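Enquirer: Okay, here's the structure, questions in a sec.
Each value in this text was obtained by applying a stated rule to the coordinates, not by laboratory testing. In this text the structure is predicted, and so the values were computed from the model without any measurement. Virtual Cβ from ideal backbone geometry, glycine too; neighbours counted across all protein chains shown.
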Amino acid sequence: MSIPGLGQIAPTQPATSSTTRTITLRPFWEWRFEVPRSSPANNATNPASGGVTVRLLSGTAERDGTELAQNHVYTFPRNTRSKLLTYNGATLEVTGECAVDRVVEYARPEESPELVVLNLHFALQDLRAAAAAAAGSQRGNARNGARVPGPRVMVCGESGVGKTSVVRTLAALATRGAGQPLVASVDPREGLLALPGTVSAAVFGTVMDVEDPAGGFGVSGTPSSGPSAVPVKLPMVYYFGREKVDEDVPLWKDLVGKLGSSVRAKFAADETVREAGLVLDTPAATIAKADMDVLLHAINEFAINIVVVLGSAGIHAELQRRLENERTAHGEIITLIPVDKAEGVAERDRDFMKFTREAAIKEYFFGDAKRTLSPFTQSVSFDDVAIFKAPDGTTPHPVQLWRVTNGPPDGDYYENQPALEPAEISAEMSHWTLAVMNASVNDPPETIRQAPVMGFVAIADVDEDRRRLKILSPADGLGTVA
Ligand SMILES: Nc1ncnc2c1ncn2[C@@H]1O[C@H](COP(=O)(O)OP(=O)(O)OP(=O)(O)O)[C@@H](O)[C@H]1O
């Protein structure tokens with residue numbers, strides 16, 4: 001059986017030639033690139049091991065808001081699709097093959113699509129400053145607990161319009177201004193600092209990993225068994241277990257509600273985070289009623305007061321109609337900002353997303369080309385774990401929940417409970433990746449399913465004769481709590 005995420009990721013694209021070249025960018029120009037999925041034939045001589053290396057020789061350059069340091073060699077791994085942008089001009093030295101390798105020139109800075117995002121960032125900074133000033137004037141009086149947070153911004157639009165890139169850029173620019181915003185994603189197709197199939201949020205107060213294929217939103221930014229290139233972030237994660245929201249809308253809504261509560265709790269506890277506000281990424285939407293309901297649910301749960309609609313006049317008009325008389329929980333009007341679809345967004349087909357998912361799982365446990373991780377291995381008895389799954393095991397991403405316990409759950413505890421069912425441990429589970437829930441095995445199934453995720457483990461081996469499982473975890477202690 002192939003190992004999702006843990007086995008070899010097979011080459012799927014033909015290799016192209018590898019060269020070292022110098023690229024000169026004038027202010028506001030972009031270098032768009034795509035690193036192929038396959039390794040080049042001359043892999044042994046390629047310092048990037050199938051990736052592309054970039055060195056900033058002079059000037060300034062950034063990837064989605066995070067700056068590159070001069071003369072540092074950055075390696076962009078296979079399957080990375082992105083761009084480097086300069087505001088002041090830059091000279092780049094690029095080594096390795098690219099499937100797409102293109103300089104985009106703008107005669108005048110105003111033509112750059114990035115200018116809109118930059119202006120949006122400056123407007124958000126003004127709102128953050130206003131939130132901080134209001135908090136300062138209230139400090140010491142009894143209303144402190146009810147302080148209104150800084151801007152809560154949601155980015156939405158159709159598929160492949162650059163939503164995540166805008167969220168990433170806004171988050172990176174805010175941290176460059178010493179802000180510490182919360183960044184959240186309710187799009188289960190891609191994980192934010194977590195494996196795909198999750199919804200999550202984290203405080204971004206430090207620089208992001210430029211080399212991460214996901215631009216700093218990938219699992220390399222979370223605690224692991226090895227050193228990290230950048231300070232790690234600690235996400236709050238909930239496990240949805242499906243790729244698309246419409247596969248289980250009620251569960252998605254419940255989990256988004258939980259995440260919204262976590263965000264409110266963080267705002268209440270941390271003044272710096274509260275003043276910086278929230279940037280929220282959303283699943284791809286259309287003007288269909290079901291999609292509108294999904295977006296409105298997110299707006300409600302996160303008390304969103306600014307909605308950026310990327311490239312869709314239809315979604316903008318529909319949201320405008322439905323939000324016309326609405327106010328946030330803090331009594332604010334909800335402002336809609338239509339923005340043109342980002343130019344140059346790379347297409348990502350099913351194969352691309354499958355590779356991305358499997359690479360994320362592999363990286364979570366074993367690291368990547370530049371950082372090898374040694375996951376913790378432990379052997380546990382079948383009797384010491386409880387594994388649950390969604391009743392419908394035929395969906396592409398069945399929910400699998402795992403929890404070490406002092407004993408098996410009560411025999412018929414889950415009768416008449418459709419939310420989850422205990423899974424019988426068998427050799428078939430070898431190489432499954434499971435979410436470890438922060439819940440007690442005696443909790444009701446709904447509570448377990450909506451519990452925060454502590455992390456993920458992989459089943460390396462199932463020994464049915466000895467009734468033991470060998471499990472891998474990225475950090476010591478994960479999965480050993482009772
Ligand atoms: N201007 C650009 N030039 C090159 N690549 C880009 C550009 N903008 C975005 N990309 C890349 O295109 C891909 C898709 O972008 P992004 O994830 O931001 O879109 P999305 O709307 O969130 O997609 P989805 O609907 O699938 O969630 C990413 O790999 C991103 O790095």
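Enquirer: Sequence-distant or interchain residues sharing an amide H contact under 5 Å with LEU192, placed H: which?
Expert: SER200
Enquirer: I'd like the Karplus ³J(HN,Hα) series for region 432-444: coefficients 6.51, -1.76, 1.60, θ = phi - 60°, whole numbers in Hz, and an x wherever there's a Gly or Pro.
Expert: 6, 10, 10, 8, 9, 8, 8, 8, 8, 5, 8, 5, x
Enquirer: If you don't mind, another one. Estimate the FRET efficiency between VAL104 and GLU324 by the formula 1/(1 + (r/R0)^6), using the beta-carbon distance for r and 30 Å for R0, to the nearest 0.05.
Expert: 0.20
Enquirer: Tell me which residues come under 5 Å, amide H to amide H, from GLY150 once H is placed; ignore anything under 5 positions away on its chain.
Expert: Amide H neighbours of GLY150: GLU275, ALA276, GLY277.
Enquirer: Can you list residues whose amide H is under 5 Å from VAL52's amide H, if they're 5+ apart or on another chain and H is modeled 1.01 Å from N?
Expert: Here the answer is PHE76, since their amide H atoms fall under 5 Å of that of VAL52.
Enquirer: Also, I was wondering about something else. How large is Rg over Rh for region 203-278, taking Rg from the Cα atoms and Rh as the Kirkwood inverse mean of 1/r across Cα pairs?
Expert: 1.02
Enquirer: Using each residue's phi in region 333-341, evaluate 6.51 cos²θ - 1.76 cosθ + 1.60 at θ = phi - 60° and report the 3J(HN,Hα) Karplus result to the nearest Hz, with x for Gly and Pro.
Expert: My calculation for region 333-341 gives 6, 9, 8, 9, 10, x, 10, 4, 4 Hz in order.
Enquirer: Give the aspartates and glutamates whose C-alpha is closer than 12 Å to that of LYS258, dropping any in the same chain fewer than 8 places away, or say none.
Expert: GLU301
Enquirer: Let me have the relative contact order for region 56-176, percent, based on Cα pairs under 8 Å that are six or more residues apart.
Expert: That works out to 29 percent.
Enquirer: Separate question: From the phi angles alone, apply the Karplus equation (6.51, -1.76, 1.60; θ = phi - 60°) to region 311-327 and give each ³J(HN,Hα) in whole Hz, x where the residue is Gly or Pro.
Expert: Using θ = phi - 60°, the values come out as x, 9, 5, x, 5, 4, 5, 5, 5, 4, 5, 7, 9, 3, 9, 8, 10 Hz.
Enquirer: Also, I was wondering about something else. Hand me the trypsin sites (Lys or Arg not before Pro) from region 312-388 located in a DSSP loop with no more than 16 other Cβ atoms within 10 Å, in residue order please.
Expert: Taking region 312-388 and a limit of 16 other Cβ atoms within 10 Å, the loop trypsin sites (Lys or Arg not before Pro) found are LYS341, ARG348, LYS370.
Enquirer: Something else now. Using only the Cα atoms, work out Rg/Rh for region 133-285, with Rh taken as the Kirkwood radius, to two decimals.
Expert: With Rg and the Kirkwood Rh in hand, the quotient comes to 0.98.
Enquirer: Still on this structure: Want the number for SER228 to SER381: 0.36 nm per residue separation, take away the alpha-carbon distance, what's left? Write out the running numbers ahead of the final one.
Expert: Values: separation 153, 0.36 × 153 = 55.08 nm, distance 3.25 nm.
Gain in length upon complete extension: 51.8 nm.
Enquirer: If a/c stays under 1.5 just call it rounded; otherwise compare a/b with b/c (prolate if a/b is bigger, oblate if not). Do that for region 226-328, with a ≥ b ≥ c from the square roots of the Cα gyration tensor eigenvalues. Walk me through the numbers on the way to the answer.
Expert: Numbers: a/c = 1.82, a/b = 1.43, b/c = 1.28.
Judged from the Cα gyration tensor, region 226-328 comes out prolate (a/c at least 1.5, a/b above b/c).
Enquirer: Between region 95-122 and region 167-242, how far is it from one alpha carbon centroid to the other, in angstrom?
Expert: 23 Å
Enquirer: Take the cross-link list LYS253/LYS470; LYS341/LYS370; LYS163/LYS354 and give me the ones stretching past 30 Å between alpha-carbons.
Expert: Checking Cα-Cα distances, LYS253/LYS470; LYS341/LYS370 exceed 30 Å.
Enquirer: Once you keep just the Cα pairs under 8 angstrom separated by 6 or more residues, what percentage relative contact order results for region 20-109?
Expert: Averaging sequence separation for qualifying contacts and normalising by length gives 48 percent for region 20-109.
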